[in-house]
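Student: Quick one: the structure is below, questions incoming.
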Amino acid sequence: MEWVLRRYRDWPFVSAVLVAVNVIVFCLCIFTGELFYYRGGVERYAILEQHEYGRLLWAMFLHSDTTHLFNNMIILFFLGAMLEKETGHIRLAVIYFLSGLGGNIVSLARKVMTESNSLSVGASGAVFGLDGLLLALVLFSQDFRNSVSPGRVMLMVVLSLYDGFMGSNIDNAAHVGGLVTGFLAGSVYVSVRNMRNNKKRREVQF
């Protein structure tokens, strides 16, 4: 029985549910036209003047087209599944949402600085947060570093950012904000875990 529970515990429930919710919301958007986008996207006036702060969260579940959705969901599921097994379900969810919010806040700040009235949607900030979490793990966790090359992870992050900056109609501020937030949150998580592991080792020695 314990083996069965351990096996199910390793399943990527959070990653799978997030992908499913994003797909369901996208299907709803197809039938409702622009309604969800206008009411849920990150937009300077709506958030700062009308105090619709929920947009910072809702925008994470909106995608402009099938390509946008597919690219984010592929990374979310496969990278999320790997990280969820490493960090646990709740921690993965917390870092994902923190990264998404962090990315959207940075996106909003850039809109304010440039006086942009553009509307931003997508889970890219949260997905880049997973990249940041992965980077924190390979840099600060010895156990994880033995199985994943830090150089390859950093190259992947650089190429992902480069691809965004070379594209058009892409909210790179959200990407950078999500990446930094995920890295910082991941660094805190790894630091706490390392301290706990070191404490356990000292207790075993005594």
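Quick note: the coordinates plus some simple rules give every number you see, no bench work behind them. Because the structure is predicted, anything quoted here is derived from the model rather than measured. Cβ placement follows ideal geometry from the backbone for every residue including glycine, while neighbour counts extend to all protein chains displayed.
Student: With angles folded into 0 to 90 degrees, how steeply does helix 172-205 sit against the dominant principal axis of the chain? Use alpha carbons for both and round to 10.
Tutor: Approximately 20 degrees, to the nearest ten.
Student: Once both axes come from the Cα atoms, what is the angle between helix 124-140 and the longest principal axis of the chain, in degrees from 0 to 90, rounded to 10?
Tutor: It is inclined by approximately 20 degrees.
Student: A further question on this structure: Please give, to one decimal in nm, the separation of the simple spin-label points placed at TYR45 and VAL188, each 7 Å out from Cα toward the Cβ.
Tutor: Those two pseudo-labels are separated by 3.5 nm.
Student: Could you tell me which chymotrypsin sites (Phe, Trp or Tyr not before Pro) in the range 106-205 are loop residues by DSSP with no more than 16 other beta carbons within 10 angstrom of their beta carbon? Don't skip to the answer; put the middle values down first.
Tutor: Values: sites: PHE128, PHE140, PHE144, TYR162, PHE165, PHE183, TYR189; in loops: none.
Loop-located and lightly packed - none at all.
Student: Rounding to the nearest 10 and keeping the result within 0 to 90°, find how far the Cα-based axis of helix 150-166 lies from the longest principal axis of the chain.
Tutor: That works out to roughly 0 degrees.
Student: Let me ask something else about it. Sticking with the crude label model, points 7 Å out along Cα→Cβ, report the distance from LEU28 to MET82 in nm, one decimal please.
Tutor: Each label point is offset 7 Å from its Cα along the Cβ direction, giving 3.2 nm.
Student: If you don't mind, there's one more thing I want to ask. Mind checking the full-extension length gain between ASN197 and THR67? Use 0.36 nm per residue of separation minus the Cα-Cα distance, one decimal, nm.
Tutor: Full extension from ASN197 to THR67 adds 42.6 nm.
Student: Which residues make up the longest stretch of the chain that has no GluC sites (Glu not before Pro) in a DSSP loop with at most 10 other Cβ atoms within 10 Å?
Tutor: Details: sites that count: GLU34, GLU49, GLU115.
Here the longest run is 116-206.
Student: Right, here's the next one. Measuring from centroid to centroid over Cα atoms, what is the spacing of the range 27-44 and the range 74-102 in Å?
Tutor: Cα centres, the range 27-44 to the range 74-102: 24 Å.
Student: In deg cm²/dmol and to the nearest 500, what is the mean residue ellipticity at 222 nm of the chain if only DSSP H runs of at least 4 residues count, each as -39500 (n - 2.57), divided by the residue total?
Tutor: -26000 deg cm²/dmol
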